[in-house]
1. Which one of these does R22 not meet: (1) under 13 Å from L133 (Cβ atoms); (2) within 16 Å of the ligand (Cβ to nearest atom)?
2. Residues I297, I226: which one is over 28 Å from N174 (Cβ atoms) and in contact with a Lys or Arg (Cβ under 9 Å, 6 or more places away or on another chain)?
3. Identify, please: which residue in region 102-121 is of a type in the set (V, I, T) and modelled with pLDDT of 95 or more and is, among those, farthest from E52 (Cα to Cα)?
4. Going through region 176-213 one residue at a time, which ones are part of a loop (DSSP other than H, G, I, E, B) and out of contact with any Leu (no Cβ under 9 Å at 6 or more places or on another chain)?
5. Is it the case, given these coordinates, that L156 is at pLDDT 95 or above and either touching a strand residue (DSSP E or B) at 6+ places or on another chain (Cβ under 6 Å) or more than 27 Å from D19 (Cβ to Cβ) (or both)?
6. Read through the list (1) without any contact (Cβ under 8 Å) to a residue 12 or more places away in the chain; (2) within 16 Å of the ligand (Cβ to nearest atom), then give the number of the only condition that W166 fails.
7. Take the residues in region 122-151 that are modelled with pLDDT of 95 or more and of a type in the set (D, E, K, R); name whichever of them is surrounded by the fewest Cβ atoms within 10 Å (Cβ to Cβ).
Amino acid sequence: MTDTRYTAEELGTLRAILDALREDSDDSLSWCALGDWLEERGVREWGRGNLERDSAAFRAFCAHEAFLLCAPTRKGRSRIDNVQFYSGYSEPRYSDPTCEIIAVGNWNGCDRYNPTTRTREDIDDSPAQFGSLLESLGIPLEWDDEWHSCSECGKLVRTQPDCMSWNPHYDIVNECELICHECRPPIDSADLDTMVRNYAECALWSSSEYDEDGNGGEPLDTNYTIDDIHPNTMASMREDCESFLRENMKDIGTEYERAGHDFWLTRNGHGAGFWDGDWDDEIGNRLTKSAHSYGSIDLYVGNDGMIHS
Ligand SMILES: [Zn+2]
């Protein structure tokens with residue numbers, strides 16, 4: 001199961017070095033021995049840029065190669081191979097580590113079901129051992145099912161919540177590209193104003209006012225204007241418009257008025273919207289799908305005489 005490019009003796013030496021480092025990750029002689037072992041055998045293109053040989057990053061790369069060669073199972077090797085290194089976070093509450101490197105992977109050891117004993121048994125602990133060694137170098141470990149990298153700056157963004165107050169710090173653009181909030185293009189506030197105004201006007205025009213007995217049915221814009229919308233409702237309208245605009249910047253282009261109008265109609269399932277032929281078919285379909293994901297909203301006149309959602 002082990003690598004056939006090297007003799008059992010060579011791999012034995014490598015394992016002994018790793019064992020020494022797992023005992024004492026400060027053992028600089030063993031780190032030197034590891035660097036030399038890999039360099040002498042030309043494992044991957046050596047040099048790794050201008051990294052200092054005693055830096056955490058250099059040591060992490062050496063350990064990565066060594067664990068890859070020594071892991072006893074294919075599953076363990078693949079887990080170690082999939083570990084990725086990043087230079088920083090683009091996530092609130094996270095600051096970049098002083099070692100300037102973060103490792104992302106699946107740090108669980110590998111196990112297998114044994115039908116005789118009917119239990120799961122550990123078969124390869126090397127991904128976990130690799131993780132512990134990195135941690136002892138001061139390198140933060142993250143899980144690859146919780147983090148992704150921004151396609152602009154390459155920094156790490158959390159994509160799974162870790163607490164109740166967590167909010168995504170990224171947008172998905174063009175359906176699959178992840179962009180962190182530091183990298184997203186700025187939105188002109190006058191353009192957003194235009195979109196929000198049209199959205200709110202359309203909301204008043206397409207919603208009706210009923211009294212307690214359900215009588216009435218006059219469009220809200222007969223007796224109310226945008227100024228009658230409660231500030232909280234207005235703020236959430238603006239938030240939705242901004243988010244929708246960010247997600248669909250390319251498709252909306254400079255059509256802020258039409259986009260505001262059609263966003264309201266489409267998300268609320270009215271008889272008109274992005275899909276009714278005013279937009280290019282493909283763009284209209286994408287915008288419709290995106291608008292539906294926001295769900296519908298009802299407006300009503302509150303006891304304060306203002307409009308709420
Ligand atoms: Zn970014």
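1. Unmet condition: (2).
2. The unique qualifying residue is I226.
3. Out of the qualifying residues, it is V104.
4. Result: C176, H181, E182, C183, R184, P185, P186, D188, D211, E212, D213.
5. Criteria met by L156.
6. (2)
7. Here the answer is D145.
For (1) out of contact with any Phe, Trp or Tyr (no Cβ under 9 Å at 6 or more places or on another chain); (2) on the phi > 0 side of the Ramachandran plot, each residue gets a yes or a no:
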| site | (1), (2) |
| --- | --- |
| E209 | no, no |
| G216 | no, yes |
| H230 | yes, no |
| R246 | yes, no |
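The values are calculated or read from the model by the stated rules, or taken from the named source; none is laboratory data. In this text, all values refer to a predicted model and were calculated from it rather than measured experimentally. Every residue, glycine as well, gets a Cβ built from its backbone with ideal geometry; the counts of neighbours run over all protein chains shown.
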